[in-house]
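The next block holds one structure in the form of structure tokens; read it before the comments.
The values are calculated or read from the model by the stated rules, or taken from the named source; none is laboratory data. Source: prediction; values computed, not measured. Cβ coordinates were reconstructed from backbone atoms using ideal geometry, including for glycine residues, and neighbour counts include every protein chain displayed. With ligands, DNA and RNA removed, areas are computed over all heavy atoms of the protein, side chains included. Shrake-Rupley method; radii C 1.70, N 1.55, O 1.52, S 1.80 Å.
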Amino acid sequence: MNRIQKIFQNRSEKVIPFLTAGYPTKESAVEMVMAAEQAGAAMVELGMPFSDPLADGLIIQEASQIAIENGVNIKWILETVSNIRMQSEMPLVLMGYINPIIKYGVDKFIIDCKNAGVDGLIIPDLPPEEAEEIVKMAQNVGICIILLVAPNTSDERIQEISQMVGVLIYCVAILGITGGQGANENELKKYLKRVEKFSSCPFVVGFGIKERVDVIEINKMAHGAVVGSAIIEQLKNSDEPVKTIGDYIKKLTRGTE
Amino acid sequence: MPYNQPDSRGHFEEFGGKYVPETLIPAINELDRLYSEVKDDSAFQDELSSLLKHYSGRPTPLYFARRISEELGYNIYLKREDLNHTGAHKINNALGQILLAKRMGKTRIIAETGAGMHGVATATVAAQFGLECIVYMGVEDIQRQKLNVFKMNLLGAEVRPVSSGSKTLKDATNEAIRDWVTHVENTYYLIGSVVGPHPYPMMVRDFQSVIGRETKEQYKELLNIKSPNNEFPSPIPDILVACVGGGSNAIGMFYPFLEDEIRLVGVEAAGLGVKTNDHAATMTKGEFGVLHGSASYLLQTKDGQIKLPHSVSAGLDYPGVGPEHSYLKSAGRVEYVSATDEEAIQSFQWLSEKEGILPALESSHALAFLKQRDNNIQDGENVIVCLSGRGDKDVHTVADYLGKEI
Ligand SMILES: Cc1ncc(COP(=O)(O)O)c(C=O)c1O
């Protein structure tokens, strides 16, 4: 059983922070993930920066740009994951656009992810229509491809997508990009009820989640809350990224620093 | 061999596809369904034909350019897309797509633009149909295409400056897609070239194919060959030449000729030269990847980050290319070559002085091919160049380049 499957076996409140790998610095990367775990993160998503992130708002665009300027690439990210794996058994998911993966070589990428200790992949510009091959490749080595669903995804598609991936799906809370407004509460409730009914696997929710209250609400309706732009925003004005991450995630998991 | 790309999933072999966030899938699937309906719907096609004729002024002439033909020793014909309403081929596609947007009941139109020609064409049809229109444009392009920015404003469109990345067409396209993801329920994204997720590359190609269809007919008439029962095969020119940014005027010209025995040449922007870092020669220097919703050749770094392209011509300043062109290159059906900024500017002046026609800087790249020593055009051959647009918008750029003040 893969580390993601393990933690989603029982339903507990889960906070899943998103960090752009190598932002604000490459040196702080491992410690930031460790700080997230110590602050109560259930799983961490590491963003692989891309020059043209078309599902992301300004905050993540800027962080990606800085990470690229810092020299971050897939090779370095996988080395970082290996380093984290020496200290931690927390599930780790890489999130990134398909082009750098194609350039790296899809087959090689999947194998290297496995060897580094990556548990899952989120590729926002890879809908199920284009994902079949990579899903199979990943399943063969025990890595989950976590496909996305959106508020306008039909019931049948939710069913198909969840069956295709089997382990976990990611619900985009809003029609929109990262870093925007949170979802309308009633609409979100209706949408997640639909997902609950039609998904054959657990699901987490992201986009627009900022605070402890959001985390509590989301966890009532879903199996985990992903927090991205709100965290990256904290890092923007911080000289101590490791401490900032730890403090903010404690607020999200416990309500206090 | 019959040509029938793309397949039903929008793949031209390994190129094309639908690489978009899930949020956009319902919209592009709906568009795909609707388009396959209207493709064979005579009411839709009649409405479009009528608009192309009465609003845009089609058919555009196929003009024998006598003086440059005499100079070079072979016959050069210009397909005058510059004489369309709004001054470029872009209106062919804008009219087709606005009819689709209407049918889908969308009230808000968004577009990306580089040179501003597609932005102007979109603003024009949005005004004509009474729809709200927002055009994303890189701040660098806003600088070099001020005239078109003001035109869009006059037409009632809002031009939103984009200052991320290279501040040109690539970034305007990112921003348009982000807008589309956010407002997908009431918004139609009117893409300006044969790029983006399926069905756009196929649909825009079909709308632009009017260029090649007319050319075929007109060439026959020009050669004055009467074959009432089609007992003689149609005469076919020897070579077709078109510039390639995203590739819509080129594919529009080539598509009706793909099954014929004819040389097809696409000309990309070599900027300061393909050996430098400042060019937009995607086919010559690009590698396989995914950008803006489809798989194609791209200018990218060893880590798969998109490179900033360069061309003096805003409409060619794009690091990607339509997936069908990548397919046609890999299939060996179309030759892709490039022309530098310098060659394009010289060709701009050349056509102006010799034929009394100011070509767009984009189209000037296609013309530059005629002057290239290794172009392998034989004396007496018949060559048709797609003159995709007129050059009024570029006079400031040309003056700057030549160090002249207007
Ligand atoms: C006059 C003209 N020609 C060509 C192009 C390039 O586009 P495409 O390659 O899609 O024809 C543009 C784009 O702005 C243009 O304005």
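Between A:K190 and B:V139, what is the FRET efficiency for a Förster distance of 45 Å, r being their Cβ-Cβ separation, to the nearest 0.05? The value I calculate is 0.65.
Give me log10 I(q)/I(0) at q = 0.15, 0.18, 0.19, 0.23 Å⁻¹ for region A:126-229, Debye formula, one equal scatterer per alpha-carbon, no solvent. Log10 of I(q)/I(0), two decimals: -0.59, -0.83, -0.91, -1.23. Heavy-atom accessible surface of region A:172-257, averaged per residue, reaches 48 Å², computed with a 1.4 Å probe. Taking max minus min of the alpha-carbon positions on each principal axis, region B:1-153 gives extents of 55, 47, 34 Å, largest first.
The calculated FRET efficiency for B:S8 paired with B:Y401, based on their beta-carbon distance and R0 = 41 Å, is about 0.35.
Legend: mean number of C-beta atoms from other chains within 10 angstrom of residue C-beta atoms, peptide B:11-21, equals 4. For region B:1-96, averaging the sequence separation of C-alpha pairs within contact (under 8 Å, six or more residues apart) and dividing by the residue count gives a relative contact order of 17 percent. Looking at region B:1-78, the accessible area is 49 square angstrom per residue; that uses a 1.4 Å probe and ignores ligands, DNA and RNA.
Please label the shape of chain A as rounded, prolate or oblate, based on the square roots a ≥ b ≥ c of the eigenvalues of the alpha-carbon gyration tensor (a/c under 1.5 means rounded; beyond that, a/b larger than b/c means prolate, else oblate). It is rounded, given that a/c, with a ≥ b ≥ c, falls under 1.5.
Each label point was placed 7 Å from the Cα along the Cα-to-Cβ direction; for B:M104 and B:E47 their separation is 1.5 nm.
Net charge near A:G120, counting Lys/Arg +1 and Asp/Glu -1 over other residues with Cβ under 10 Å of its Cβ? Taking every other residue near A:G120 into account, the sum is -1. The relative contact order of chain B comes to 20 percent, based on Cα pairs under 8 Å that sit 6 or more residues apart. Net length available on complete extension from B:E221 to B:Q128 is 30.1 nm, with 0.36 nm assigned per residue and the Cα-Cα distance removed.
Ligands, DNA and RNA left out, the accessible area of region A:57-181 computed with a 1.4 Å probe is 50% carbon and sulfur. Lysine pair count for region B:273-406 (Cα-Cα distance under 23 Å; residues 8 or more apart in sequence or on different chains): 16.
Cross-link partners of B:K167 among aspartates and glutamates, defined as those whose alpha carbon lies under 18 angstrom from its own and excluding same-chain residues fewer than eight positions apart: A:D52, A:D56, A:E62, A:E69, B:E112, B:E140, B:D141, B:E158, B:E175, B:D179, B:D278, B:D317. Pairs exceeding a 24 Å alpha-carbon distance, out of A:K75/A:K243; A:K197/B:K18; A:K190/A:K210: A:K75/A:K243; A:K197/B:K18. Look at the stretch B:286-295: the mean tally of other chain Cβ atoms within 10 Å of its residues' Cβ atoms is 4. Once the partner protein chains are put back, region A:96-111 shows a loss of at least 50 square angstrom of accessible area, versus the chain by itself, at A:N99, A:I102, A:K103 (probe 1.4 Å, ligands and nucleic acids excluded). The overall shape of the protein assembly as shown, judged from the alpha-carbon gyration tensor, is prolate: a/c is not under 1.5, and a/b is greater than b/c. Excluding ligands, DNA and RNA, what is the accessible area buried between chains B and A, summed over both sides, using a 1.4 Å probe, to the nearest 100 Å²? In total, this chain pair buries about 2800 Å². For region B:79-235, which whole percent of the accessible surface, found with a 1.4 angstrom probe, sits on carbon and sulfur atoms? Taking all protein chains in place, region B:79-235 shows 54 percent carbon and sulfur surface.
Looking at region B:226-345, the accessible area is 33 square angstrom per residue; that uses a 1.4 Å probe and ignores ligands, DNA and RNA. Estimated at 0.36 nm per residue, the fully extended path between A:E211 and A:K114 surpasses their Cα-Cα distance by 31.6 nm. Only alpha carbons enter this Debye calculation for region B:366-406, each as an equal point scatterer, and the log10 of I(q)/I(0) it gives at q = 0.29, 0.35 Å⁻¹ is -1.00, -1.17.
Local charge sum around B:V194 (other residues, Cβ-Cβ under 13 Å, Lys/Arg +1, Asp/Glu -1)? Intermediate values should be presented prior to the final figure.
Details: positive: B:K90, B:R205; negative: B:D206, B:E324.
Once positives and negatives cancel, what remains is 0.
Ligands, DNA and RNA aside, B:T107 has an accessible area near 80 Å² when probed at 1.4 Å. Each of A:N140 and A:N2 was given a label point 7 Å from its Cα along the Cα-to-Cβ line. The distance between the two points is 1.5 nm. Normalised by residue number, the volume inside the convex hull of the Cα atoms of region B:103-218 is 122 Å³ per residue.
When the inverse distances between all different Cα atoms of region B:159-277 are averaged and flipped, the Kirkwood radius reads 17.2 angstrom.
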